[in-house]
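Values in this text are rule-based calculations from the coordinates and carry no lab data. This is a predicted model, so every value here is computed, not measured. Please note: Cβ atoms are built from the backbone with ideal geometry, for glycine as well, and neighbour counts cover all protein chains shown.
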Amino acid sequence: MARNGKLATVFGGSGFIGRQIVWFLARRDYRVRAAVRRPDLAGYLQPMGVVGQIHAVQANLRFANSVVRAVEAAETVINAVGILAPEGAQTFEAVHIEGARQVAKAAREAGAKRLVHISAIGADSKSPSKYARTKAAGEAAVLDEFPSAIILRPSIVFGPEDDFFNRFAALARVSPVLPLIGGGKTKFQPVFAGDVGEAAANAAIDAGVPGTVYEIGGPEIVTFRDILEATLRYADRRRLLLPVPFWLMQIQAILSSPLPNSMRPITVDQLRLLKLDNVVSDAAKREGRTLAALGIPQPAAIDAIVPEYLERFKPKGQYASYRI
């Protein structure tokens, strides 16, 4: 069993970022309770720790009783649940605002010492994007219920299971053209999922200042064009990068709105986000509210991580370079 005996609950523990948080907490000898909607599909988390150290339980942020049960006896609580587009009962309001509020309230009432909430760079109550507005409202709800909570705002997160580099590499495999939405000028500061997970685990234990919002970005600021060009280079593909104005992409987004999210190339709300740069602010840098303050002084660069997991998109397959 975990040596220190302390319990941490991670909501969304089976997700893209959540599983990284679980891994780092296990490495720090915490017992980890992964609160997920489908614990029967989260068995792959258990080998990240010793026998009995990691346990998945059923919880849904829309149902208060399940949240209360999930945080029982937990010393630290981390909320890594978020959605990029609403679907059915999983609306922005239900997940980003009311769900976040419920986690914070339950953590406070359970006597948790630390609460870490994963938000997003761009969270702004005045944003044209509903995603960003509800993220900001969720942060306010969390701090209202748990004033000492630490909030992390990552930029675009990359890693083997990401829906960013992988999506464009998959598109390049079947399409002769990749769209440079809005001319490809939007700026991003992509951050490695492992660095976000470690930062969250550090904040859940002893790093960071309570009640503070940290902006999490990687070591490079790149444009959308840079990202597509890098994706093609890593996947060893040659494709035409075609500038597409926002208004034309918006028509496509509207026409595809009846389709399930998994089949839609982009939503209208995501287009609104894409019009805004997604980088760490000067204020956060000046005030020391960045990865370095959370124990990650040298975050991983794109070139150090992405080429390995995009190798499978190469024309001759993942292991072509190893053939004699």
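Separation of region 266-297 and region 161-191, taken as the distance between their Cα centroids, equals 19 angstrom. When the P(r) is computed for region 141-272, the part past 23 Å accounts for 46% of the Cα-Cα pairs. Cα convex hull, region 1-136: 101 Å³ per residue, rounded to a whole number.
Sorted fewest first by neighbouring Cβ atoms within 10 angstrom, Tyr309, Tyr44 come out as Tyr44, Tyr309.
Residues of region 102-141 falling in the label zone of Glu93, defined by backbone nitrogen less than 14 Å from a point 7 Å along Cα to beta-carbon, are 130-131, 134-135, 137-138. Positive end of the dipole of the chain (Cβ unit charges, origin at the Cα centre): among Ala253, Phe11, Val222, the Cα lying farthest that way belongs to Ala253. Which residues does a label at Ala170 reach in region 255-270, if reach means a backbone N under 20 Å from a point 7 Å past the Cα toward the Cβ? Hits in region 255-270 for Ala170 at 20 Å: 256-270. Dipole magnitude for region 39-136: computed about the Cα centre from +1 point charges on Lys and Arg Cβ and -1 point charges on Asp and Glu Cβ, it is near 340 debye. Placing dummy labels 7 Å off each Cα toward the beta-carbon, the span from Leu276 to Asp206 is 3.7 nm.
Semi-axes of the equivalent ellipsoid for region 62-173, computed as √(5λ) from the eigenvalues of its C-alpha gyration tensor and ordered from largest down, come to 27, 16, 14 Å. Rounded to the nearest 500, the helix-only mean residue ellipticity at 222 nm of the chain stands at -10000 deg cm²/dmol, with each DSSP H run of n ≥ 4 adding -39,500 (n - 2.57).
With both labels modelled 7 Å from their Cα along Cα-to-Cβ, the Leu84 to Gln58 distance reads 2.9 nm. With K and R counted +1 and D and E -1, the other residues having a Cβ less than 12 Å from that of Leu273 yield a net charge of +2. FRET efficiency for the Lys113 to Ala140 pair, using the beta carbon distance and R₀ = 25 Å, is estimated at 0.70. Evaluated at 10 °C with a viscosity of 1.306 mPa s, what Stokes-Einstein diffusion coefficient in µm²/s does the chain have when Rh comes from the Kirkwood expression over alpha-carbon pairs? The calculation lands on 78 µm²/s. Structure remark: mean-square fluctuation, Gaussian network model of the chain, C-alpha springs under 10 Å; the largest value among Ile78, Ile251, Ile227 belongs to Ile251. Per residue, the convex hull around the alpha carbon atoms of region 238-290 comes to 158 Å³.
Placing a label point 7 Å from the Cα of Lys285 along the Cα-to-Cβ line, the residues of region 193-221 whose backbone N sits under 14 Å from it are 215-221. With the charge dipole of the chain set up from +1 on Lys and Arg Cβ and -1 on Asp and Glu Cβ about the Cα centre, the Cα lying farthest toward the positive end among the listed residues Val103, Pro39, Ala64 is that of Pro39.
On the beta carbon distance between Gln318 and Ser256, with R0 = 35 Å, the FRET formula returns roughly 0.70.
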